[in-house]
Every structure is written in C-alpha cells, then in structure tokens.
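> Got a structure for you, written out below as structure tokens; questions coming shortly.
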Amino acid sequence: MSDLSGLYQELILDHSRRRLGDGELDDPHATHHELNPTCGDEITMGIRLDASGTAIEAIGWTGDGCSISMASASALTELAAGADLDRVRELIDGFRTMMRSQGAGEADEDLLGDAIAFHGVSKYVMRVKCAMLAWVALEACIAAASAGAPRPSQP
Amino acid sequence: MTLDRTTVVDGLLPAELRRDFPYLDQELNGHPLAYLDSGATAQRPVAVLDAERAYLEHANAAVHRGASTLVGTSTTAFEEARETVARFVGARPREIVWASNATDAINMVALGMADAAAGLGGAEAEIFRLGPGDEIVVTEAEHHADLIPWQRLAAKTGATLRWIPVNDDGTWSIDDAASVIGPRTRFVAFGHVSNVTGYLAPVTEVVELAHRHGALVMLDACQSVPHRPTDFAELGVDFAAFSAHKMLGPTGIGVLYGRAHLLDALPPARTGGSTITTVTMESASFLPSPQRFEAGTQPVSQAVALAEAVRYLDALGMQNVHAHETALAELLVEETSRIAGVRLVGPPPGSPRAALASVDVPGVHAHDVGQFLDAQGIAVRVGHHCAQPLHRRLGLRATTRASAYVYTTADEVRRFAAALAEVRGFFGVGA
Ligand SMILES: Cc1ncc(COP(=O)(O)O)c(C=O)c1O
C-alpha cells in the first residue's frame, strides 16, 4: 500500500482532521460557493481584506467533502491568511501547476511550503478536482473582492 | 449447471466462467483485480466481442435502406437481434425499440408525451396527453435517468410530479405507493431494482394499482433485466427501459420496451429518415413501431453484440444467474453488516436484495473509502450513483457501492469486506 501513503501523506490526513479556517467568516468582502458535481463535495469560501485592500486579513470556509478536499482547504488557509493578494495569486497558480503535473517533476517547496504534500494527489486524475476545490473558490473570492464587488449582505 | 450456495461460496462456477472475460484477468495497483462495479457497467465475454467483430467483417451494410443482397444480410442480422432480445424479456419484436441507452429510452417516452401534449400524434396520442391537474408519479429512490425526464415533462405540460416517499432504509412498499397513486395519476415510473439499495420493487402490485386508476406504467429495468428472469408481459408494465452495457453487451445501445398499441400511438420525439410512410413538403406520416422511433442510422453491430450477450446469459440460464447473485447478495450483507462502524443502506439483513451493497463509513468520505479499496485492487463505485434525492433522504451525500455479476466470486466479496473493515483504522477514525 506504499502508493496509497503517497496520496494520503501524514500532513494531508492531519490537515483533514484539523480543518484550519473551518467556520463561516464574519463580515466578508467576498464569498464563493464551489461544487464538484461528480461527488457532491462543496465549499463556501469567504475572505476579508485588510484596510489597504491588498492583503487577506481573514479567511474562513464551510464545506463538506473527502479528506483531500478538506485537507486542501485547511492547508490553503494556513498559507493565505495574512498574505498579500499578489502572493496568494502566485500560490494559486503554483498549486494549479503542481496539480496538473500528473506526479512529474519536483514541487516548488519555496513557494508552496507544506502544500507540496498534495503533489502526490496530482497522479490521481480523479482526485485533482478534490484538491483544487478550495483554491478555485479562493481565486473567485479574490477576483470578486478586487473587482470592488460590494460586500455580500449578511443574512 | 446447478448453482447452489456452496458452489458459489467455493467459487467453482466463476472460476471456469471467468476465462470468458479477459478484462477480469488483470492487476489493479499490484493486486489481482476484483471488479465490483458491474452495476455501473459490466464486462463483456469474448463471445460478445467476437460477434460484433464477425458482423463487421462479414455482414456490415446499411440496414433497411436499399435492396441489395448485402442489405438483406445486415437487415436480417439486425432484426434477428431484435427477436432474440424480445424473447429474452417476454416481448414481441415490434415491442422492442433500439435506443442509445436506457436513459435515452426513458427520454423517448417522456419527450413523445410532451409532443402529444403539444397536439402532435392526433387522436391516438390522447392517452399520452397530460395537462394541469394530471399527476406523474415516481419514487424518491429513482436514478436521475428516471427522474429528470419526468420533471421536464411535468414542467412542459403543467402536470404535477409527485413521488412515493421512501423509508429510512431507502425502501418503499405498495402501501406507500397507494398513498400517492390515485385518480389524478396518469403515469407512474419507477425502478425495478434500486441501483443504490438493491431493493426489489413490488411491480405487479403497483401495475395493478396504477391501471385501476387508468394510469400507464414505465419500469426502469436497468438493474433487473441483467440479473433476474424478467418478463415484461407477465409484469404487466406498459413501458420499460434497460441498457446493453450492464448485461455483458456493448455501450451505445439500449432498449425501449412498450406494449405494441402504445408504441404505435406514441409520437416519435426524434424524426427523420427510416421512420416514415409518406412525406410531403408539409408533413410526414410515421411507420408503426419500432421503425417510427428508429430515426437515422442505427447501432447495428451493437444490436448484434447485444443479442450475443443475451445468448450467453440464456446459456447460463437466468435462474442460475439469479441464484448465483442471491448467494452473493447474502454473503455481501453478512460480511458488511458485521463490520463495526459501517452502515449498510437498503433492506435489512434477511430481506431480498440484489447483489449490491452501498455502505457509509461515518467519518470517512466515500471517495476516500473507494481510494483505499482501489489501492488493494478492489474496484467499486463511489458517489451518489445518480441518485441525489435518495442519498439526501438517507442523510448521506455519497456512499461506496460494491455490485456483483455472473463472474463475481465469493472471494472477491470477502476481499471487499476485509478491506472495508480496515478503512477506519487507516484514516484514524473511531479507533
Ligand atoms: C437504475 C438505473 N437506471 C438508469 C440507469 C442509466 O443507464 P444508462 O446510463 O445506461 O442510460 C442506470 C445506470 O446507471 C441505473 O442503474
């Protein structure tokens, strides 16, 4: 089962249990709901920007899904909270490139830090979407927030 | 060949039969493949692959078009395939219409009924014409293929879609059906065997009830025709649908069954060449069934291959197939229901069920369960199996399903259960 431990690295299983960022964010600048229709995994991501509007002050999400998608949201939260938007955009691009690699090459640890644990997931074509779910949702949040979209009204 | 429980559990029958299925003889992630996803699609025996190839090598030509010797040969093969399939399900050849799959077959009826409501098809199509106040009834356990076409038909015609509610285990009874089917009911559609719970619906009772109220009945027979002797005339249903790829046959072809007089009155939803008697610039009149529905070039080599699959199943004997699967179903239930922390959905142990088991492992997502099994060479289906409303009703988002067929062995079922028992430990749940 050596193959399987390449997919479910300790760090991933750990994040899937810790679920950093799990919880609805108060007063978000942008929220985005992302659904994977093949398996029903879903996530609602929210971000709040700092006063300058160029960095993520807080990030929060609610979701339901497999260990890969939930761990990925947790790992992303750790990286993105407090980071500059430009840096987060770079992270998302880097993560996407890694997830498209089908396991080839080396992951960029300087850029992605712990998130390189997901490099092994890229070999499993049916699981790439699980890993990307939170990242795609955050990308949409950033696009909405930087387009100056009005804050979603609180329910 | 008699198959009692002991033979099956010893794996005697499958051992010899498996040689007919080259696909099964491969490794998955370093383990011998245990293919437990036949409910999604079945593997094909060499005879079926050979039949399609032989047709293409020696008999392939246009069908029903032209008058050459070659067209005679291909048309004969095509129509003989229809006769073979018809006999297999207790139908007459003209009651068997080729579709591209079961989903397509169900849509042919729903779309034809929408045409009838739009005024096409004349007086004969009156029986299909729905409007406000009329009700279409399905169950909460339907595959999306047998739900969405009826939602659309209701939306187009102003009829109301109602559903038979299911119990906490996903089953329903004739009493549940009777609480919904009534004088307003015009059409009832339901699955013969659930692809999620393996529950066997009380078909003849529902047919009797629906017909008493003057409603028509369509049976989604995708999970029954491949696995048990099925006679549509005996069941009394008005329409039925099934797919070749779930019964050792090819993809690209499915079957719509309908009682002859109904098929002859149902407006063809897709029109074009080969379906007509007379065509003018203003209008066309249509042939009787099945030609009225078979617009354009048909899946001919697939029909020939499906007929070969039927002959293969006939040679095994559908009673034997059913006995084999009943034994496997019992084993599946026995083995999975004793694993701590695993919830088996569907009828309780001891009740009849098809040879499939969908399970939930609380705390571990079905995707992760499936991945864990996959790494051990065990191929199952994960997800909602195209039945979201049923999963929602069961309080679940996704399940892991093992489904068996003629070539499945007791050993494979045991491997599934043994691996399933290790899932929670691997993911550190419930310790
Ligand atoms: C109960 C049931 N109905 C309908 C279908 C749809 O079959 P197909 O995809 O071949 O049209 C399936 C198979 O997925 C099924 O199990």
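> Would you mind listing the helices (runs of 4 or more DSSP H) fully within the range B:313-431 where at least 2 residues are under 19 Å from residue B:191 (Cα atoms) and within 12 Å of another protein chain (Cβ to nearest Cβ)?
In the range B:313-431, the matching helices (runs of 4 or more DSSP H) lie at B:388-393.
> Same structure again: Inside the range B:374-403, can you point out the residues that are among the small types (Gly, Ala, Ser), within 17 Å of the chain's Cα centre (by Cα) and within 14 Å of the ligand (Cβ to nearest atom)?
Passing the criteria: B:387, B:403.
> With respect to residue B:355, determine if the residue is within 16 Å of the ligand (Cβ to nearest atom) and within 25 Å of residue B:23 (Cα to Cα).
Spelling it out, residue B:355 is indeed within 16 Å of the ligand (Cβ to nearest atom) and within 25 Å of residue B:23 (Cα to Cα).
> Something else about it: Restricted to the range B:185-196, and to residues that are within 11 Å of the ligand (Cβ to nearest atom) and not small (Gly, Ala, Ser), which residue is farthest from the other protein chains (Cβ to nearest Cβ)?
Out of the qualifying residues, it is B:192.
> Hey, another quick one. When the range A:2-43 is examined, which residues are found to be among the aliphatic types (A, V, I, L, M), touching a Gly at 6+ places or on another chain (Cβ under 9 Å) and more than 10 Å from every other protein chain (Cβ to nearest Cβ)?
A:12, A:25, A:30, A:43
> Name every residue in the range B:86-118 that is outside any helix (DSSP H, G or I), open to solvent by 50 Å² or more (accessible area, probe 1.4 Å) and farther than 20 Å from residue B:250 by Cβ, in order of residue number.
Listed by number, the residues that qualify are B:92, B:118.
> Something else about it: Hey, can you tell me all the residues within the range B:137-184 that are within 16 Å of the ligand (Cβ to nearest atom), without any contact (Cβ under 8 Å) to a residue 24 or more places away in the chain and more than 14 Å from every other protein chain (Cβ to nearest Cβ)?
Passing the criteria: only B:151.
> Return the pairs, sorted by first residue and then second, in which the second residue is assigned to a helix (DSSP H, G or I), the first residue lies in the range A:112-125 and is at positive phi, the beta carbons are less than 7 Å apart, and the residues are 6+ apart or on different chains.
These pairs meet every condition: A:113/A:79.
> Something else: Of the conditions (1) out of contact with any helix residue (DSSP H, G or I) (no Cβ under 8 Å at 6 or more places or on another chain); (2) open to solvent by 10 Å² or more (accessible area, probe 1.4 Å), residue B:347 fails just one. Which one is it?
Status for residue B:347: all satisfied but (2).
> Can we say residue B:61 is modelled with pLDDT under 95 and within 27 Å of residue B:276 (Cα to Cα)?
In short, yes.
> Another question about this same structure. Quick one: count up the residues across the range B:224-263 that are aliphatic (A, V, I, L, M), more than 14 Å from the ligand (Cβ to nearest atom) and either within 11 Å of residue B:89 (Cα to Cα) or open to solvent by 10 Å² or more (accessible area, probe 1.4 Å) (or both).
The number of residues fulfilling the criteria is 2.
Quick grid of which residues meet (1) of a type in the set (A, V, I, L, M, F, W, C); (2) more than 16 Å from the ligand (Cβ to nearest atom):
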| site | (1), (2) |
| --- | --- |
| B:39 | no, no |
| B:45 | no, yes |
| B:52 | no, yes |
| B:57 | no, yes |
| B:73 | no, yes |
| B:87 | no, yes |
| B:90 | no, yes |
| B:94 | no, yes |
| B:98 | yes, no |
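> Would you confirm, using the coordinates I've provided, whether residue B:356 is modelled with pLDDT under 95 and under 28 Å from residue B:96 (Cβ atoms)?
So residue B:356 fails the test.
The values are calculated or read from the model by the stated rules, or taken from the named source; none is laboratory data. Treat the numbers as computed from the prediction; the structure is a model and nothing was measured. Note that we place each Cβ from the backbone using ideal geometry, even for glycine, and neighbour counts take in every protein chain shown. SASA here: full protein model, heavy atoms, side chains in, ligands and nucleic acids out. Shrake-Rupley method; radii C 1.70, N 1.55, O 1.52, S 1.80 Å.
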